[in-house]
Every structure is written in C-alpha cells, then in structure tokens.
Amino acid sequence: MSEPLDGIVTRGHGNRFTVFANGEYISCQIRGKVKFNTEETTPVAVGDNVKITLTDNNEGVIEEVLPRYSVLSRQKVAQEGIEHVLAANIDSLIVVASIKKPALKVGLIDRFIIAAQLGNLTPVIVLNKADLGIDDEIKALIEDYRKLNYKFFVTSAIDDSSDGNEIDKFHDYLIKHRSILAGHSGVGKSTLLNRLYPGLNLKVADISKGTNRGRHTTSHIELFHLPDGGFVIDSPGIKVLGLWHIEKEDLVYYYHEMESLLGQCRFAVCTHTHEPDCAVKKAVSEGSISKIRYQNYLQIYESLDV
Ligand SMILES: Nc1nc2c(ncn2[C@@H]2O[C@H](COP(=O)(O)OP(=O)(O)OP(=O)(O)O)[C@@H](O)[C@H]2O)c(=O)[nH]1
Ligand SMILES: [Mg+2]
Ligand SMILES: [Zn+2]
C-alpha cells in the first residue's frame, strides 16, 4: 500500500466524501475502523483533516481522521445524544442575515452567537443586502452589536456602491480565517461568495415572491479553499437553530453584558424575566443593555427546556 496522503474533507454525500489532497479533489470512502471508532459523533465531517490512501480507480479511502480542534455541531433530532458535527476545524461562525427579503430575524443572530460560544468559535455577523436601504432601526441594531465588540459587517453582494457597504472588510476577514457561512435561506450566502470568488460559480436563486423566503438553493455543506490558505464553507439555509446543552438558568452566561450584573438582583435565583428589582431589567430600562438583546434573551429563554 502506498504512503497515506494528508487531505481535508471538502464535501460529504452519504457514505462518500470529497477530499482535497495533493492539489486534487478525490472521491473517498471511509475505512470501517474509522466509521465505528466513535459512537457519539459524526466520524467524518467537512473540514476534517484526514489521511487517505489511493485505490486503483483514482479514488481513495479515508484511513484516519486527525484530532479536531473545534466542531460546530447540533443534536440529531432522531438520535438523541448523538452529536452531529456540521463542520470541523473552523475558527469562525459567520451568521449571514439580510436587511429585508427575507425579513431580518434578530433572534437567529443571538442563537448563532450562542452556538459559536458553545463550539469555541468566533461569532461574526454579516448583514447583507445593504443596497435595499439601512433605516434608523437597523442602524441602532448594528450599533448595539458593535458596542458589545462583535464583529459585524454590512454588505451588499450585488451593488458595490451601496451606502455603508463593507464587502472589502468582510473579504479581508475571510481570507485570514477558516469560516462557515450560515443563516436563513435566501439571505445571500452563496451570492456573497460568488461576488468575492467568481470562479466558484455557486448556484443562487431568487427568493419566492409570494412568501419573501429563500428557496433552499444550496443543498450541501461545502468547503472552498481560499487562495491565501484559509477556507470558507457555504451551507444550506436553515429554518431554526435549536440550541442544546444549555439549561434555562445558564442562558445568562451567554449574554456577557448581563452576566456582569449577576448578584445584583433582589433574588439570588433570578431568571431576569419577571422578577421585581432585577438588575438586568433595570439596565434594560436605563438603556445600558440593549432592548433587542434582552428581547432575544426572553425569547430564547422561553424556548429552552427546563
Ligand atoms: N438586493 C440584494 N439581493 C441579493 C444580495 N445578495 C443576494 N441577493 C439575492 O438574494 C437571492 C438569494 O441569494 P442566495 O445567494 O441564493 O442565498 P443563500 O443565502 O445562498 O440561500 P440558500 O442557499 O437557499 O441558503 C438571490 O436572488 C440573490 O441575487 C444583496 O446584497 N442585495
Ligand atoms: Mg446558498
Ligand atoms: Zn435578575
């Protein structure tokens, strides 16, 4: 058997994976021992560094998955307790939202920020479709997140001259990182990548006129190498991002601006939802904590299991 090659998984489809190794994309199967080594997590995911051997028909076999230094995962609904790894070895989780068409859902931004913290990833927010106009409400929202030191880029994938467009800054960020783009369908994830890397030629489609929603055009998670050594992963639009591994009472620890007030509420056990003399509610009414963030906190709090 020839010496194994080092590669990186760029795409998965059922039991087959595409691995980029030696400057080529090689279709690979997984060696049985790799498949059954782990019971609690996906054995091979996009972004994994692997060792492969080549077979006669120019295909390959994944012999080994090297240790992951980060994972973005979610719980498989049908198999409780099994961690489904969406991507491995990334450093940034970029949530893409659009100003409108589809309508902006701020709650999803916070859910992604929390998911990033869970996976030890840097959360980045991209607000796309700047060409559709940035009104005062949106400006205030951007300000709120920037105050909290989140990276926040306003972009237009189709009109470089739009007011406030930061596509170049976003590009600079991408080049230096290993990121995944995620968000609702139709917000322009693939269009942004096409704008920055026209050679990718990713499939994009208009949102539905009736519902103003995306059409779930991207169907696979796929990794693209960037000329400077980083990579970016495009992913299919999601409807909701369920959070797991978080208990209701721990949610506040993912809101750092609220966490710093803990201990100042009247009740030692305060959920910061309805209690009198709550330091968090006071900070919201005084304006030192963003109303938008607090509303998201309440919404997510309600959605979590006890
Ligand atoms: N006005 C405007 N339209 C945009 C912009 N970016 C993307 N679009 C349009 O939005 C529609 C959806 O874009 P896609 O790139 O397919 O969206 P996506 O986020 O990849 O969607 P999924 O693959 O379904 O998750 C297309 O018609 C794009 O032309 C933008 O900056 N401004
Ligand atoms: Mg897409
Ligand atoms: Zn409180």
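Overview of results
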quantity: Neighbour net charge for PHE170 - beta-carbon separation under 14 angstrom, K R +1, D E -1; calculated: +2
quantity: DSSP H segments from the chain that extend 15 Å or more along their own axis, Cα-based, with Kyte-Doolittle mean of 1.0 or above; calculated: 106-118
quantity: Approximate spin-label separation ASN57-ASN120, in nm, with each point projected 7 Å along Cα-to-Cβ; calculated: 3.9
quantity: Protection proxy ranking of 203-211, 102-110 - average other beta-carbon atoms within 10 Å, highest first; calculated: 102-110, 203-211
quantity: Rg followed by Dmax, in Å, when the chain is reduced to its Cα trace; calculated: 21.1, 72
quantity: Contact order normalised by residue count of the stretch 205-306, Cα under 8 Å, 6+ apart, percent; calculated: 18
quantity: P(r), alpha carbons of the stretch 248-303 - 5 Å bins starting at zero, rounded %; calculated: 4, 22, 35, 30, 9, 0
quantity: Cα→Cβ-extended label distance, 7 Å offset, between LYS282 and SER161, nm; calculated: 5.3
quantity: Virtual spin-label span in nm between LEU200 and GLU275, 7 Å along Cα→Cβ; calculated: 4.5
quantity: Overall form of the stretch 90-234 per C-alpha gyration tensor (a/c, 1.5; a/b vs b/c); calculated: rounded
quantity: Förster radius 45 Å - calculated FRET efficiency between LYS291 and HIS84, Cβ distance, rounded to 0.05; calculated: 0.85
quantity: Over 32 Å (Cα to Cα) - which of LYS129/LYS282; LYS101/LYS176; LYS51/LYS147 fall in this group; calculated: LYS129/LYS282; LYS51/LYS147
quantity: Above-threshold pairs, the threshold being 25 Å between Cα atoms, out of LYS209/LYS291; LYS100/LYS239; LYS189/LYS239; calculated: LYS209/LYS291
quantity: For the stretch 90-234: relative contact order, % (alpha-carbon pairs under 8 angstrom, 6 or more apart); calculated: 26
quantity: Of VAL154, VAL284, VAL126, the one that fluctuates the most in a GNM where the chain has Cα springs shorter than 10 Å; calculated: VAL284
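Every number here is computed from the coordinates shown, using simple stated rules; none is lab data. If you're wondering where the values come from, they're calculated on a predicted model, not measured in any experiment. So basically every Cβ, Gly included, is an ideal-geometry build from the backbone, and we count neighbours across all protein chains shown.
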